[in-house]
């Protein structure tokens, strides 16, 4: 129960900030006044009673005062202990005011109690109690029984207040629930970590948080590069918030040092704490920064860790290919050491760690803009892959964000963007060492699909524009349902796909998938067409029979050389609201028509199919049917005319 210095520092006790920045001292004092009034009300009423009784000539006796203040002491002591056991121990910080105010009153009453009872204690210590006849005094066993009952009651209260509850937050989800499981896990975590008076009757799996981990991560055996702080041209905050300053030259190592310093460097030392450029709950600073430097003058290309304590970079090795973004000048990977926050804030730690990361990232973005670098946050990446790339376990320390740095005068960050990778929900966490904190980190993570991570892209031959006229092609188009057992030329398929890859008219949610059975120069399998005019193999082998079965056993699909399967990303589609559903089907129809007309223009045959089993169709192209919906089938091959 530390005495407050003023209304603003009531919660400080080593915390960098506990009161929101927009929460003024005046408002804080106003908030405290009613609490102080309520806490002091019983003491004030009792003091008034004593004063009135004394004024009327009936002052309470010393024994009466002793008994009455002892009863008040018991009431305040139970209230203080109850608040401590049930709420403050569970990080219900809004109740902390009540806890320490009742505690101060308890100390006051303890002092009064000692004044009345210390002489009796001293007298008792000076005399030797007379021996009692055996079997005639039962006060000893009764006193022992009462003491044991009190100990048992307090132990039960502690257990109830800290561990017992009606429900436990789940930390696992099954493979069958991979789509909904992580979402449900996030919802459960948020509900569990929300502040409420009833929350003390819920529990999460126990975590042994242990002592606070070191405030700084060290690589003592790693070569290091000292960082100077280059004075970059000062940019107004309003301008820096909106756009980076123009730049042609590469970033220098000194400018990188200034950028990192303004993001996570030590800007002040106070009370034994090393305060940083960006704020952190409890001044615990769980964030760590790693730099994958590619084009920084004065710094060899490689992976580095930012040592804020000594203001230097620690060289960890060569550039990891898994981080991607080869055209970026540098990448900054932000991780969080969860125990730094968890030992104090326990199951609410993930909220604080991610918010702290957001503070740091905004500093990084502004500092990058001032240095003439465009900072782009990567929205989707494989957390486990990124963790391995920088050499961390991904559990006790997990990757939260990746930032690409490019010169502002260079190529626009989204121009000629590489093909968008496909991600899925990760499996349930196996390591439960940090309980629900590890659960929610895993639930908010992504896993790069194996085909994108390992198989690589298959470049298609240059497309050949169709020379047939529009009118002639439209007039010739008819659905053909029988095909020859001959392969389709790869250049023809390449040209068909290029025809389809026009800018979307209504919906950007459509994905092009192919079930290839007979194409010259292309192994049988399931493929996805990706930006950059390339294919990525999703599944190897022949799937003509599976395609026929998924399409209600229609021979036109089973006999085709290639089957087009159009799907829609559910989240992207419904981002437009319900109207997005209509738009997706309209867009899919337009793409399907390009497939049909392109086939006719190249003397091939095609046929659309609208009937299929949705679940089997999703399994056929290797997607989660709850996240990606199949909308359309179409066959392609050489026509077998009767």
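The values are calculated or read from the model by the stated rules, or taken from the named source; none is laboratory data. Quantities reported herein were computed from a predicted structural model and do not represent experimental measurements. Backbone-built Cβ (ideal geometry, glycine too); neighbour counts: all protein chains shown.
Name the residue, out of 479, 507, that is within 33 Å of the chain's Cα centre (by Cα), in a loop (DSSP other than H, G, I, E, B) and within 21 Å of residue 592 (Cβ to Cβ).
Sole residue among the options that is within 33 Å of the chain's Cα centre (by Cα), in a loop (DSSP other than H, G, I, E, B) and within 21 Å of residue 592 (Cβ to Cβ): 507.
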Checklist outcome for this item: Filter segment 515-526 for residues that are out of contact with any helix residue (DSSP H, G or I) (no Cβ under 8 Å at 6 or more places or on another chain) and part of a strand (DSSP E or B); the one that is surrounded by the fewest Cβ atoms within 10 Å (Cβ to Cβ) is 525
Checklist entry - Are any residues in segment 408-431 surrounded by fewer than 16 Cβ atoms within 10 Å (Cβ to Cβ) and either modelled with pLDDT of 70 or more or assigned by TED's automatic domain parsing to the domain that holds residue 509 (or both), and if so, which ones? => result 409, 430, 431
Next on the checklist: For segment 536-608, give me every one of the helices (runs of 4 or more DSSP H) that falls completely inside it and has 2 or more residues that are without any contact (Cβ under 8 Å) to a residue 60 or more places away in the chain and either out of contact with any strand residue (DSSP E or B) (no Cβ under 9 Å at 6 or more places or on another chain) or surrounded by fewer than 20 Cβ atoms within 10 Å (Cβ to Cβ) (or both).
Outcome noted: 544-550, 570-574, 579-601
Item to check | Checking residue 225 against (1) touching a residue at least 12 places away in the same chain (Cβ under 8 Å); (2) farther than 22 Å from residue 387 by Cα; (3) assigned to a helix (DSSP H, G or I), the condition it does not meet | outcome: (3)
Next on the checklist: Checking residue 338 against (1) modelled with pLDDT of 90 or more; (2) farther than 21 Å from residue 444 by Cβ: exactly one of these is not met. Which one?
Outcome noted: (2)
Item to check | Those residues of segment 358-383 which are under 21 Å from residue 440 (Cα atoms) and surrounded by fewer than 20 Cβ atoms within 10 Å (Cβ to Cβ), in sequence order | outcome: 358, 359, 377, 378, 379, 380
Next on the checklist: Of the conditions (1) at pLDDT 80 or above; (2) touching a helix residue (DSSP H, G or I) at 6+ places or on another chain (Cβ under 6 Å); (3) buried (at least 18 other Cβ atoms within 10 Å of the Cβ), residue 217 satisfies every one except a single condition; which number is it?
Outcome noted: (2)
Checklist outcome for this item: Scanning segment 468-487 for residues that are in contact with a helix residue (DSSP H, G or I) (Cβ under 7 Å, 6 or more places away or on another chain) and closer than 27 Å to residue 524 by Cα gives 481
